[in-house]
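Worksheet: one structure, shown below.
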Amino acid sequence: MQQQSDFRFTNWAKNETCVAKKYFVPETEAELVEAIAQSKTVRFTGTGHSWSSICLNTDALINLDRYNKILLLDKAKLQITVQPGIKLWQLNEELDKHGLALINLGSIAKQSLAGAMCTATHGTGIQFQILASQIEAFTLIKANGEKLVIHHTQDKDLFNLCVVNLGCLGVVSEITLNVVSAFNLHDRTFVMSVDKAINQLHEMVNSTDHFKLWWFPHVDDVVVYQYTRTQQKTNDSRFRQWLMDEILSVSVYRLFLKIGNINRNWRKKINSALVKKFMQPLNRIEKSYKVFNVPEPPVHREVEWAFDISVAKDLLREYTQMINASAHRINFIQEIRFTKADEYALSPCYQRDTIWLGAYRLERIDD
Ligand SMILES: Cc1cc2nc3c(=O)[nH]c(=O)nc-3n(C[C@H](O)[C@H](O)[C@H](O)COP(=O)(O)OP(=O)(O)OC[C@H]3O[C@@H](n4cnc5c(N)ncnc54)[C@H](O)[C@@H]3O)c2cc1C
């Protein structure tokens, strides 16, 4: 097993760092158990995409990058069993080869499956729960080496208590996911006024499979994303994807952010130009995972709050008014998403349909 002493860990956002006395990269379950046995206190890391200090430890860190194999793909049962370090993008590609797909996804697919499961990672869609709801069963190895296999149906109470666990209950060592036949998404993206979007919010949320808003602060318009599940053929152009996803969303967006960092008073105009000039209406059909996932953004800071959906309109009205009236000049998208209630004790959607308000910002571009 690969091991290192005094390993410096830094998360994706570069805002959290620690030096771990021992660092292990196991490839087998036996190595994983051995690494735990050698450690007094231990934390696990997927890809370090969490903004919080959740992965930090000064004793032992166990990285699961190499504990990422596909163990079983059962096409008839629509289930896949994998090791927890597998990345969501690897799962997407592997499932696609077999005409299958994950039921729902968040905005990117760089995360490990276990990292996404443990932290209640979510996508959007009021009929869809957080990603952990796709799990049929998982294996948890506790600090004393005891192994528990927890099933969604047979062990309902335990499953609901343990599936979102912030990495605190032991190591998740195997996951079986329910998947679906591959599907496409009809993506209708357009711009509308913030006021109109808030007034029509519930109609739009309820009439679309996957609905989200991107608000560029200080702008009167908001970008509306409506994705409908379909089996119609894909028709998106590769040239458009290259231009939008590789050139405009990456290089040009970064350039705008850099300009906004020279003088923060330009940010309102920059945000307005981004919405009005670059967020062109879209009407395309593409594979599900290619629509759910957006190009990885530049390193920035995020906090995301979850609220009962009943307060959605008031929340958005007050938030947009508060930001616009403040002295802040915010240079990054604010993202509004929706998920269905669940029964997982530590989930922000526990027993309530949820609106998520993602408050994002970037002060420097250094990547
Ligand atoms: C650019 C970007 C976009 C994002 N988009 C979304 C989004 O659309 N929706 C959303 O909800 N979130 C999103 N996130 C947040 C992200 O999904 C979560 O922070 C997720 O936990 C990151 O996965 P990871 O593999 O990096 O886990 P890490 O950050 O490495 O770990 C997270 C937690 O999981 C634990 N853990 C990891 N593996 C195991 C294991 N095998 N057993 C036990 N515990 C384990 C760790 O100890 C830690 O407590 C985004 C983050 C970034 C940086």
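The values are calculated or read from the model by the stated rules, or taken from the named source; none is laboratory data. What you see is a predicted model; the values in this text were computed from it and never measured. Using ideal geometry, Cβ is built from the backbone for each residue, glycine included, and neighbour counts are taken over all protein chains shown.
Could you pull out every one of the helices (runs of 4 or more DSSP H) wholly within the range 227-279 that has 2 or more residues that are over 20 Å from Ile108 (Cα atoms)? Outline the logic, then answer.
On the way: elements: 238-241, 253-262, 267-273.
Filter on the range 227-279 gives 253-262, 267-273.
Note down all Cβ pairs under 7 Å where the first residue falls in the range 75-97 and is under 21 Å from Val291 (Cα atoms), the second is within 12 Å of the ligand (Cβ to nearest atom) and in a helix (DSSP H, G or I), and they're at least six residues apart or on different chains.
Within 7 Å, the pairs are Ile86/Leu113; Leu88/Leu113; Leu88/Ala116; Leu91/Leu113.
Please state which of the following conditions Tyr67 fails to meet, knowing it meets all the rest: (1) near the ligand (Cβ under 8 Å from one of its atoms); (2) under 19 Å from the mean Cα position of the chain (by Cα); (3) under 28 Å from Phe24 (Cβ atoms).
Single failed check for Tyr67: (2).
Give the number of residues within the range 259-307 that are closer than 23 Å to Leu357 by Cβ, among the aliphatic types (A, V, I, L, M) and either more than 24 Å from the chain's Cα centre (by Cα) or within 16 Å of the ligand (Cβ to nearest atom) (or both).
The number of residues fulfilling the criteria is 6.
Could you check how many residues of the range 11-47 are out of contact with any Cys (no Cβ under 6 Å at 6 or more places or on another chain) and near the ligand (Cβ under 8 Å from one of its atoms)?
First, pick out the residues of the range 11-47 that are out of contact with any Cys (no Cβ under 6 Å at 6 or more places or on another chain): 11-42, 44, 46-47.
Within this subset, residues satisfying the condition of being near the ligand (Cβ under 8 Å from one of its atoms) are 11-13, 44, 46-47.
Qualifying residue count for the region: 6.
Of all residues in the range 199-229, how many are buried (at least 18 other Cβ atoms within 10 Å of the Cβ) and within 14 Å of Thr320 (Cβ to Cβ)?
Result for the range 199-229: 11.
Tell me, please, whether a residue that is in contact with a Phe, Trp or Tyr (Cβ under 8 Å, 6 or more places away or on another chain), over 17 Å from Pro281 (Cα atoms) and not assigned by TED's automatic domain parsing to the domain that holds Lys69 can be found in the range 167-190.
Looking for residues that are in contact with a Phe, Trp or Tyr (Cβ under 8 Å, 6 or more places away or on another chain), over 17 Å from Pro281 (Cα atoms) and not assigned by TED's automatic domain parsing to the domain that holds Lys69, one finds none in the range 167-190, hence no.
Working only within the range 310-332, note down all residues that are crowded, with 21+ Cβ neighbours inside 10 Å and aliphatic (A, V, I, L, M).
The answer is Leu316, Ile330.
Which residue pairs have Cβ atoms closer than 6 Å, lie 6 or more positions apart in sequence or on different chains, and pair a first residue in the range 194-209 that is closer than 10 Å to Val222 by Cβ with a second residue that is of a type in the set (Lys, Arg) and assigned to a helix (DSSP H, G or I)?
Within 6 Å, the pairs are Ile198/Lys313; Ile198/Arg317.
Which of the residues belonging to the range 148-186 are away from the ligand (no atom under 16 Å from the Cβ) and hydrophobic (A, V, I, L, M, F, W, C)? First the steps, then the outcome.
Pass one, the range 148-186, residues away from the ligand (no atom under 16 Å from the Cβ): 151-157, 160, 178-184, 186.
If the condition is that a residue be away from the ligand (no atom under 16 Å from the Cβ) and hydrophobic (A, V, I, L, M, F, W, C), then Val179, Val180, Ala182, Phe183 are the ones that fit.
Condition check ((1) surrounded by 22 or more Cβ atoms within 10 Å (Cβ to Cβ); (2) hydrophobic (A, V, I, L, M, F, W, C); (3) under 19 Å from Asp65 (Cβ atoms); (4) modelled with pLDDT under 95) across all residues:
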{"site": "Ser107", "(1), (2), (3), (4)": "no, no, no, no"}
{"site": "Lys110", "(1), (2), (3), (4)": "no, no, yes, no"}
{"site": "Gly115", "(1), (2), (3), (4)": "yes, no, yes, no"}
{"site": "Thr121", "(1), (2), (3), (4)": "no, no, yes, no"}
{"site": "Ile130", "(1), (2), (3), (4)": "yes, yes, no, no"}
{"site": "Ala143", "(1), (2), (3), (4)": "no, yes, no, yes"}
{"site": "Glu146", "(1), (2), (3), (4)": "no, no, no, yes"}
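Is it the case that Val163 is over 16 Å from Glu343 (Cα atoms) and in contact with a strand residue (DSSP E or B) (Cβ under 7 Å, 6 or more places away or on another chain)?
Values: over 16 Å from Glu343 (Cα atoms): no; in contact with a strand residue (DSSP E or B) (Cβ under 7 Å, 6 or more places away or on another chain): yes.
No.
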